[in-house]
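The block underneath contains the structure these notes are about, expressed in structure tokens.
Read-outs throughout are calculated quantities, based only on the coordinates presented, and are distinct from any laboratory measurement. Remember, predicted model here, so these are calculated numbers, not experimental data. Here Cβ is always computed from backbone atoms with ideal geometry, including for glycine, and neighbour counts include all displayed protein chains.
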Amino acid sequence: MVLRKTGYLTKEELVNSKCYPSEERFNKGPIAIVECTEEIPCNPCEVACKFKAIKIGKPITNIPILDENLCIGCGLCIAKCPGLAIFLVDKTYSDKEGLISFPYEYLPLPITGSIVEAINREGKVVSSGKVIKVLNKKSFDRTPVVTIAIPKEKLDEVRGIKRLEESKDSK
Amino acid sequence: MRVDDHIILGKDERKKMVEIKVDGKSIQAKKGEMIVAALMANGIRINRYTVKKKEPRGIFCGVGQCTDCVMVVNGKPNVRTCITPVEDGMIIETQYGVGKSNG
Amino acid sequence: MIEKEVVIIGGGPSGLSAAVEAAKRGTEVLVVDENLRAGGQLFKQIHKFFGSSAHRAGIRGIDIAIELLKEAEKYGVEVWLNSVAIGIFKEKKAAIKKTLADNSEKLEIIQAKKIVIATGASENAVSFKGWTLPGVMGAGAAQTMINVNRVLPGKRILMIGSGNVGLIVTYQLLQAGAEVVGVIEAAPQIGGYGVHAAKIRRAGVPIYTSHTIQEAIGKKSVEKAVICKVNDKWQPIRGTEKILYVDAITIAAGLKPLIELAMMHDCKCSFLPQLGGWVPIHDKNMESTNPGIYLVGDVTGVEEANTALEEGRLAGTAIAEALKYISFEDARKIKKEIWQRLNELRMGPFGEARMLAKNNILTSCKI
């Protein structure tokens, strides 16, 4: 797998894998995407989901499979993944835009309403985005979850924001 | 440079400061922190110079095993600054070679 | 001479775990640690651990340390800090150089019924021209500086090594506010987990596989690094040199078990590179070839905190059984569950080599 060489999965690899939600499901509402493709002994995501949408079973090295029909897109799994590999995508936000929620463990945290640079899995800026929500609940155990609105066509690509400088757009 | 605020560690709650002298210069250090950390926070990265070639050395292993960070502390040489906490009034000097002892 | 039922040398996750398991059944346990605080490497592991949710996965290392210390206190484990085990001698005698409250030192000889060696491992060094310059340090040292001492070892950092330590410490350096200009890896592929690599790629940190460091340059401390490509024999390729302006270089090139005390007591060792080099061998109870001397954690092979915790539990249970604080049948059940969890933690492509090596150890210990 190219991941072993480059350190990131390509959009094509993921979209074509059986782990990626169908377009039909995307058009129904928000859904989690578990971008975890290697056999590592790890299962907090399975335990985190109240709707039992993520399945690992035994042995715990099994790659997690998300059942797109059971997932309601609540996003609670995002903060629970030790690998920070789970994202929430909402392609139904508006006509032109969609939402992507991702774990963000850096300071400064972005401010709701600010404009940020959205990055892809390679860390390249591919779009600008608007910060819709920043959640840092106690139950997240210091893994804040940031939600940004970006152009719909970028939703399979964008997985975060460029880290912020101390002075601008910060809390 | 100190990490005053951190997403996981939170804000640095250590407020008590002590004063130490490093090669004659007074420096503020956080009470109880390791000597090497106080020095690094003040931009000092050289702890000693080697015997033969007089080359600079600084922290390497960080756990008290390699002795690259040793300095003369209160007159006593070969003190591993990565595992020794500061004390108010401590006198710290760059060690040259095997170090001089004041007795 | 003092007498203690069990002396555990090393208060990291494996040692504390063994202590808690034995003490909760009534065993008299003393943990000896050379540091000012027990917890081993846990206090710098600020990330959430992988593994089984049933056994502390998803919890940050620092919080596991706090939990363990609370449990140790709850079960009456005695702890000597700032105390170095300078030797263990025939018939389970331990010599401890204890530092007292007034900073004076005292030598204590302890006659134990069982000794547990939980001394862990230390970082490997990779030497290259200029490696002695201030600013070049182990990745673990950098991790201690940022997560425990809260001081940055540099502002622009080059990480050598793309195993899990290299990738995780890179991430933590970013969290502390440093810039990591790159991670270099001599092998043609990344060593650590894809998800760790993915995090730092998202943060814009390049990973240079098939690259090595040629030289660190600077007058009084690191000012720049020269890296270059290597061929499939790991030899530098001329003309591929690249200069990176950095003020710190952190080395994450693996760890090696600290086996001196085990060797001192004539514990048989095997050379297993998959586990970090020379390791003292043990049986299914984590007992060495020397009856009454147990081994747990990284000293038996470099793995992870969760395997260290399980091995500690195993030895603690076996010791409680040997000292008759728990029945054979109860111990058998507990040990079986622990082995199931250990085997699970060693599954998959990342654990394969360690699994084979550990099986090798168990087999050779039967002979």
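Across B:Ile46, B:Ile83, B:Ile27, mean-square fluctuation computed from a Gaussian network of chain B (C-alpha pairs under 10 Å connected) peaks at B:Ile27. Each part reduced to its alpha carbon centroid, the range C:161-214 and the range B:1-63 end up 26 Å apart. Positive-end ranking of A:Ile132, C:Met1, A:Leu70 along the dipole of the protein assembly as shown, with charges on Cβ about the Cα centre, is headed by A:Ile132. In a Debye calculation with equal point scatterers on the alpha-carbon sites of the range B:15-94 and no solvent, what is log10 I(q)/I(0) at q = 0.12, 0.21 Å⁻¹? The Debye formula, applied to the Cα set alone, gives -0.29, -0.88. Radius of gyration (Cα atoms) of the range C:152-228, expressed as a multiple of 2.2 N^0.38 Å: 1.05.
Amide hydrogen proximity for C:Val116: with H placed 1.01 Å from N in the peptide plane, the residues at 5 or more positions away or on another chain lying under 5 Å are C:Val7, C:Ile8, C:Ile9, C:Tyr294. Any chance you could tell me what percent of the C-alpha pair distances in the range C:87-236 go past 27 Å? Of all Cα-Cα distances in the range C:87-236, 39 percent exceed 27 Å.
In this structure, the amide hydrogen of B:His6, modeled 1.01 Å from its nitrogen in the peptide plane, lies closer than 5 angstrom to those of B:Lys11, counting only residues at least 5 positions away or on a different chain. Treating each Cα of chain C as one equal point scatterer and applying the Debye formula with no solvent, the log10 of I(q)/I(0) at q = 0.08, 0.15 Å⁻¹ comes out as -0.42, -1.28.
The trypsin sites (Lys or Arg not before Pro) of the range B:5-103 that DSSP puts in a loop, and whose beta carbon has at most 16 other beta carbons within 10 Å, are B:Arg14, B:Lys15, B:Lys16, B:Lys31, B:Lys52, B:Lys53, B:Lys54, B:Lys100. Provide, for the range B:8-101, the number of lysine pairs with alpha carbons under 24 Å apart, each pair being eight or more places apart or on different chains. Qualifying lysine pairs in the range B:8-101: 25. Whole-Hz Karplus values for the range B:75-80 come out as x, 9, x, 6, 8, 6 Hz, taken residue by residue from phi with 6.51 cos²θ - 1.76 cosθ + 1.60 and θ = phi - 60°; glycine and proline positions read x. Among B:Met71, C:Met286, sorting on how many other beta-carbon atoms sit within 10 Å of each Cβ, with the fewest leading, yields B:Met71, C:Met286.
Using Cα-Cα distances under 8 Å and only pairs 6 or more residues apart, what relative contact order does the range A:3-161 have, in percent? RCO, the range A:3-161: 20 percent. Semi-axes of the equivalent ellipsoid for the range C:111-193, computed as √(5λ) from the eigenvalues of its C-alpha gyration tensor and ordered from largest down, come to 27, 17, 14 Å. Sites listed here are trypsin sites (Lys or Arg not before Pro) in the range C:1-49 whose DSSP assignment is loop and whose Cβ has at most 15 other Cβ atoms within 10 Å: C:Arg37.
Using Cβ point charges alone (K and R +1, D and E -1), the dipole size of chain B about the Cα centre works out to roughly 340 debye. Considering only C:Pro291, C:Leu345, C:Leu261, and ranking their Cα positions along the charge dipole of the range C:220-367 that arises from unit charges at the beta-carbon of Lys, Arg, Asp and Glu, the one farthest toward the positive end is C:Leu345. Rounded to two decimals, the Cα-based Rg/Rh of the range C:210-367, with Kirkwood Rh, is 1.15.
Here the dipole of the range A:59-171 is about 300 debye; that uses its Cα centre as origin and unit charges on the Cβ of Lys and Arg (positive) and Asp and Glu (negative). Note on the protein assembly as shown: percent of Cα-Cα distances in each 20 Å bin, starting at 0 and stopping at the bin with the largest distance, equals 18, 50, 29, 3, 0. Sparsely packed loop sites in the range A:36-111 (the trypsin sites (Lys or Arg not before Pro) outside DSSP H, G, I, E and B with at most 14 other Cβ atoms within 10 Å) comprise A:Lys50, A:Lys52, A:Lys96. Across the range A:25-68, the residues whose backbone nitrogen lies under 11 Å from the label position 7 Å along the beta-carbon direction of C:Ala54 are A:58, A:60. Ordering A:Ile86, A:Asn16, A:Cys45 by the projection of their Cα atoms onto the charge dipole of chain A, which places +1 on the Cβ of Lys and Arg and -1 on the Cβ of Asp and Glu, puts A:Cys45 at the extreme positive end. Assuming charge only on the beta carbon of Lys and Arg (+1) and of Asp and Glu (-1), the dipole of the protein assembly as shown about its Cα centre is about 680 debye to the nearest 20. For the residue pairs C:Lys4/C:Lys98; C:Lys4/C:Lys113; C:Lys24/C:Lys98; C:Lys24/C:Lys93; C:Lys268/C:Lys333; A:Lys28/C:Lys199, the C-alpha atoms sit more than 19 angstrom apart in C:Lys24/C:Lys98; C:Lys24/C:Lys93; C:Lys268/C:Lys333; A:Lys28/C:Lys199.
Across q = 0.10, 0.12, 0.13, 0.15 Å⁻¹, the range A:3-161 modelled as identical point scatterers on its alpha-carbon atoms has Debye log10 I(q)/I(0) values of -0.33, -0.48, -0.57, -0.78, in the order of the q list. Of all DSSP beta bridges confined to chain C, the antiparallel ones make up roughly 50%.
Considering all C-alpha pairs of the range C:1-76, those separated by over 19 Å amount to 36%. Remark: relative contact order (chain C) = 18 percent; criterion is Cα-Cα distance under 8 angstrom and separation of 6 or more residues.
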